[in-house]
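Written out below as structure tokens is the structure these notes cover.
The values are calculated or read from the model by the stated rules, or taken from the named source; none is laboratory data. Just so you know, these numbers come straight off a predicted model, no measurement behind them. Ligands, DNA and RNA are excluded from the accessible area calculation, which covers all protein heavy atoms including side chains. Shrake-Rupley method; radii C 1.70, N 1.55, O 1.52, S 1.80 Å.
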Amino acid sequence: MRLTKLVTVALATAALAVSSATADPGHGKAKPTCKPAPVMLAGTLANDPVTGDTSLQLTAKHANMLGRLYAKAGNPITVKVDANTHYRKAGAASTLDGLSQNDRALVFAKVCRADVKKAKQSGSALPELAARLVLDKGPKPDTSSESNTN
């Protein structure tokens, strides 16, 4: 008789512990609403941005898988820039007004994967790109000035 009481009390305690442990699996954190996907675009700057501009124009020549969707949509591509955007020119930190028209540039951005999928399925406009990093490689080197001596 004592053994049955002991087993019953142990099972009841275990059931209470399990139900309270599974009551809050997220610990108060909501699931993220967006899974960011990387977008990389390589090309030349189509405008000469100045301080205070909220976007820049890029004529894309190369892109990753998601970037190709933006390149096929039309060139030049408008890319938003904000206070979180980092700029690099010639290996050093730079600013937006340090970029020049016709400079070769790499633009790294992130976009919500679900928004791109939804736009692709419905045929609507792609979501705006917000640049996280702009790498300016300077103008294309002039190869015609090299002399060919035979």
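Starting from the amide H of Asn64, placed 1.01 Å from N in the peptide plane, find each other amide H under 5 Å away whose residue is 5 or more places distant or on another chain.
Met40
Enumerate the calculated ³J(HN,Hα) couplings along segment 42-58 in order (Karplus 6.51 cos²θ - 1.76 cosθ + 1.60, θ = phi - 60°), each rounded to whole Hz, writing x wherever the residue is Gly or Pro.
With the stated coefficients, segment 42-58 comes to 10, x, 10, 6, 8, 9, 10, x, 10, 4, x, 5, 9, 7, 9, 10, 10 Hz.
Once you have the Cα-Cα distance between Asn102 and Lys140, take 0.36 nm times their residue separation minus that, and quote the gain in nm to one decimal.
12.9 nm
For Leu133, list long-range residues whose amide hydrogen, built 1.01 Å from N in the peptide plane, is under 5 Å from its own amide hydrogen.
His86, Phe108
Taking all protein chains together and a probe of 1.4 Å, list Ser144, Ser55 from the most accessible to the least accessible.
Largest accessible area first, the list is Ser144, Ser55.
Of the labelled options (1) 27.1, 108; (2) 13.6, 40; (3) 15.0, 49, which one gives Rg and Dmax of the Cα atoms in Å as computed for this structure?
The calculated read-out lines up with (1).
For segment 47-150, what % of the accessible area comes from carbon and sulfur atoms, probe 1.4 Å?
The C+S portion of the solvent-accessible surface of segment 47-150 is 51 percent.
Relative to the first principal axis of the alpha-carbon coordinates of the chain, what is the inclination of helix 2-21, with its axis defined by its Cα atoms, in degrees from 0 to 90 and to the nearest 10?
20
What lysines could a cross-link reach from Lys140, if we take a straight Cα to Cα line under 17 Å and drop same-chain neighbours fewer than 8 places away?
Partners found: Lys61, Lys89.
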